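Asker: If you scroll down you'll find the structure; I have some questions about it.
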Amino acid sequence: DSFEAIDGAKTRFSFENLFLLQLNILQQRAKLMQKQAFACPLDVNLMKTFTSSLPFTLTDSQRQCSFQILKDLEKPIPMSRLLEGDVGSGKTVVATMAALSAVKNGHQVAFMAPTEILADQHFKSVTKMLENFDCTISLLTAKNGLLYKNKKVIEISKKNLLLDLEFGQINIIIGTHSLIQKSVQFSKLALVIVDEQHRFGVNQRAKLTKN
């Protein structure tokens, strides 16, 4: 009947959309809280040793993000976080700290990237940062099977790589969509990191969490 009524209706519909969206998010969070996850206690001295080994000093944002993630990993319920930042802002460093914590608690980590180029870059970056922390890291793409162990990178057949992964001989596996194939089985997967998660479907990301 009036412009005021039109404005009121727009506000009401906007509120309803936001309310339903928030309600759905709360329902999904409630379901997540009912599930269990491997608890990974934070080793402060290990993290200090890792950050001291870096050729740069962490920014305040990197320290804050990594601390929040590491504290969440201590909980026996699943963590679901979006780490957002510009290119070169240090997201991989934060992710590597979380991965190191999971590995040193006896668990495995999956790091999925949307392209082989990105997966290869992450493999090189992560192996460099963890070269002094006794981690076995593998790269699995459609073309390559690489294994980093004892500060050396060797080629490995996909068959042997998957066997090592299944029997817990690989701590961190980095790859593309190849990580969500039925042939990929884990021994004790505790952490899944998805780079550029918007380039993967919801069902694709969920496949890894079922391990």
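The values are calculated or read from the model by the stated rules, or taken from the named source; none is laboratory data. For clarity, every value in this text was computed on a predicted model and none was experimentally measured. Cβ sites come from the backbone with ideal geometry, for glycine too, and all protein chains shown count toward neighbours. SASA here: full protein model, heavy atoms, side chains in, ligands and nucleic acids out. Shrake-Rupley method; radii C 1.70, N 1.55, O 1.52, S 1.80 Å.
Asker: Condition first: in a loop (DSSP other than H, G, I, E, B), more than 26 Å from Ala39 (Cβ to Cβ), at pLDDT below 85 and open to solvent by 20 Å² or more (accessible area, probe 1.4 Å). Can you find one or more residues in region 187-202 that meet it?
Answerer: Scanning region 187-202, I find at least one residue that is in a loop (DSSP other than H, G, I, E, B), more than 26 Å from Ala39 (Cβ to Cβ), at pLDDT below 85 and open to solvent by 20 Å² or more (accessible area, probe 1.4 Å), so the answer is yes.
Asker: Quick one: how many residues across region 127-153 are touching a helix residue (DSSP H, G or I) at 6+ places or on another chain (Cβ under 7 Å), assigned to a loop (DSSP other than H, G, I, E, B) and among the β-branched types (Val, Ile, Thr)?
Answerer: 1
Asker: Restricting attention to region 142-164, report how many residues are of a type in the set (S, T, N, Q) and within 19 Å of Leu189 (Cα to Cα).
Answerer: Going through region 142-164 one residue at a time, the tally reaches 1.
Asker: Can you tell me which of (1) outside any loop (DSSP other than H, G, I, E, B); (2) open to solvent by less than 50 Å² (accessible area, probe 1.4 Å); (3) not aliphatic (A, V, I, L, M) is the one Lys124 doesn't meet?
Answerer: (2)
Asker: Tally up the residues in region 128-145 that are under 20 Å from the mean Cα position of the chain (by Cα), among the hydrophobic types (A, V, I, L, M, F, W, C) and under 14 Å from Glu116 (Cβ atoms), please.
Answerer: The total comes to 2.
Asker: Okay, moving on. Hey, does region 61-69 have a residue that's without any contact (Cβ under 8 Å) to a residue 24 or more places away in the chain, open to solvent by 100 Å² or more (accessible area, probe 1.4 Å), closer than 25 Å to Ala190 by Cβ and more than 21 Å from the chain's Cα centre (by Cα)?
Answerer: There is no residue in region 61-69 that is without any contact (Cβ under 8 Å) to a residue 24 or more places away in the chain, open to solvent by 100 Å² or more (accessible area, probe 1.4 Å), closer than 25 Å to Ala190 by Cβ and more than 21 Å from the chain's Cα centre (by Cα).
Asker: Would you point out the residue of region 164-186, among those that are small (Gly, Ala, Ser) and either free of Cβ contacts under 8 Å to residues at least 60 places away in the same chain or touching a helix residue (DSSP H, G or I) at 6+ places or on another chain (Cβ under 8 Å) (or both), that is nearest to Val103 (Cα to Cα)?
Answerer: Residue satisfying both the conditions and the ranking: Gly175.
Asker: Residue check, Phe19 against (1) outside any helix (DSSP H, G or I); (2) more than 21 Å from Cys135 (Cβ to Cβ); (3) of a type in the set (Phe, Trp, Tyr), all met but one. Which one?
Answerer: Single failed check for Phe19: (1).
Each row is one residue, and each column tells you yes or no for (1) without any contact (Cβ under 8 Å) to a residue 60 or more places away in the chain; (2) open to solvent by less than 90 Å² (accessible area, probe 1.4 Å).
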| residue | (1), (2) |
| --- | --- |
| Asn17 | yes, no |
| Leu32 | yes, yes |
| Met47 | yes, yes |
| Phe50 | no, yes |
| Phe56 | yes, yes |
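Asker: Determine, yes or no, whether Phe38 is in a loop (DSSP other than H, G, I, E, B), surrounded by 13 or more Cβ atoms within 10 Å (Cβ to Cβ) and in contact with a Gly (Cβ under 9 Å, 6 or more places away or on another chain).
Answerer: yes
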